[in-house]
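Input: a single structure, listed below in structure tokens.
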Amino acid sequence: MIEAIRLISWREMPQEQYAHRSTMQSSEGPHVYKVGIYGWRKRCLYFFVLLLMILILVNLAMTIWILKVMNFTIDGMGNLRITEKGLKLEGDSEFLKPLYAKEIRSKTGNPLYFQSARNVTVNILNEESKVLTRLVTGPKAVEAYSQKFQVLTTSGKLLFSADDNEVVVGAERLKVLGAEGVVFPKSIETPNVRADPFKELRLESPTRFLVMEAPKGVEINAEAGNLEATCRTELKLESKDGEITLEAANIKLPRLPLGSFSSTGSRQKIYELCVCPNGRLFLSQAGSSSTCQIKTSVCL
């Protein structure tokens, strides 16, 4: 009997303790752990988020305003348009820094203008960025720096060429419209010098002398007018290996001096042209024989 009672009590003891523990836990309640930002940190975070949203809106508004002012479109910006062939500028354009392009041309039928407050410079560079050719258009002059300068026609014919050795004029006629003509400080070599129709040709040396020479002769021809050669001191016609020919219907030498010979009582007006040993010409009244050898004071 006693053993049975002990057995029952031993089995009932854990149940009482279990019930006691369960009641203690239920009375205390579950533990809650708080997770997040609270207090002044939470207010600061909301403030920064609001400030960031304001900056985003201002940035978006400025971007839209810039796009509107600069006239941004799908095809380009402002006067600049992007096409299949390259960039297209409409209206006046200003470049504050150097412009590098393979080709610059205007619209078909419209001129192309380059305008600058000082000068416009065009440089041609080599692979080492060294200037080979330069064209400078300034307020006082147009300067070209190159090894050779050429002017060609549309068909490729040379009109003008200049380098260190020579200047070539390839036109059929060189016409100078200046009132003072053309001044050559040194010699000039040309196969033909002629004036325009109904205009006179004048070859003049105001302070020095004028020399015309050629290895095969010099021909002076005036087809429809007079030919005049004047000088202050001496006029010299010289032929080293040939002769000097004057071909005309009448050859007049009106101011030649007269020799001292005269036949008594002769009234004839026939004279003989004589030459002194020094080359001076004079007239001597003709006789039955030559009168040039008679002593006269003209050759003295």
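The values are calculated or read from the model by the stated rules, or taken from the named source; none is laboratory data. Every value quoted in this text rests on a predicted model; they were computed, and no experiment measured them. Using ideal geometry, Cβ is built from the backbone for each residue, glycine included, and neighbour counts are taken over all protein chains shown. Please note that ligands, DNA and RNA were not included when accessible areas were found on the heavy atoms of the full protein model with its side chains. Shrake-Rupley method; radii C 1.70, N 1.55, O 1.52, S 1.80 Å.
Couple of notes before you dig in:
- The set of residues in the range 144-161 being open to solvent by less than 80 Å² (accessible area, probe 1.4 Å) and either closer than 20 Å to ASN123 by Cβ or not in a strand (DSSP E or B) (or both) consists of ALA144, SER146, THR153, GLY156.
- When ILE124 is tested against (1) open to solvent by less than 100 Å² (accessible area, probe 1.4 Å); (2) of a type in the set (A, V, I, L, M, F, W, C); (3) more than 30 Å from GLN147 (Cα to Cα), only condition (3) is not met.
- Complete set of residues in the range 195-216 that are of a type in the set (D, E, K, R), open to solvent by 100 Å² or more (accessible area, probe 1.4 Å) and more than 22 Å from LYS236 (Cα to Cα): LYS199, GLU200
- Of the criteria (1) touching a residue at least 24 places away in the same chain (Cβ under 8 Å); (2) in contact with an Asp or Glu (Cβ under 9 Å, 6 or more places away or on another chain), which one LEU210 fails: (1)
- Checklist (1) open to solvent by less than 90 Å² (accessible area, probe 1.4 Å); (2) of a type outside the set (A, V, I, L, M); (3) within 24 Å of GLN150 (Cβ to Cβ) applied to LYS130, failing item: (1)
- Reported count of residues in the range 270-284, each being more than 15 Å from ARG255 (Cα to Cα) and not small (Gly, Ala, Ser), is 4.
- Single residue of LYS68, LYS130 found to be basic (Lys, Arg), farther than 30 Å from GLU143 by Cβ and modelled with pLDDT of 80 or more: LYS68
- Tally, over the range 246-260, of residues that are over 22 Å from SER284 (Cβ atoms) and open to solvent by less than 90 Å² (accessible area, probe 1.4 Å): 1
- Every pair of residues 6+ apart whose Cβ atoms lie under 6 Å, when the first sits in the range 84-107 and is over 21 Å from ASN71 (Cβ atoms) while the second is open to solvent by less than 90 Å² (accessible area, probe 1.4 Å): SER106/LEU112
- Criterion (under 23 Å from ARG173 (Cα atoms), in a loop (DSSP other than H, G, I, E, B) and open to solvent by 100 Å² or more (accessible area, probe 1.4 Å)) met by exactly one of GLU219, GLU243: GLU219
- Conditions (1) exposed (fewer than 10 other Cβ atoms within 10 Å of the Cβ); (2) more than 53 Å from the chain's Cα centre (by Cα); number of the one not met by ARG232: (2)
- Single unsatisfied condition, ARG81 versus (1) of a type outside the set (Asp, Glu); (2) open to solvent by 90 Å² or more (accessible area, probe 1.4 Å); (3) touching an Asp or Glu at 6+ places or on another chain (Cβ under 7 Å): (2)
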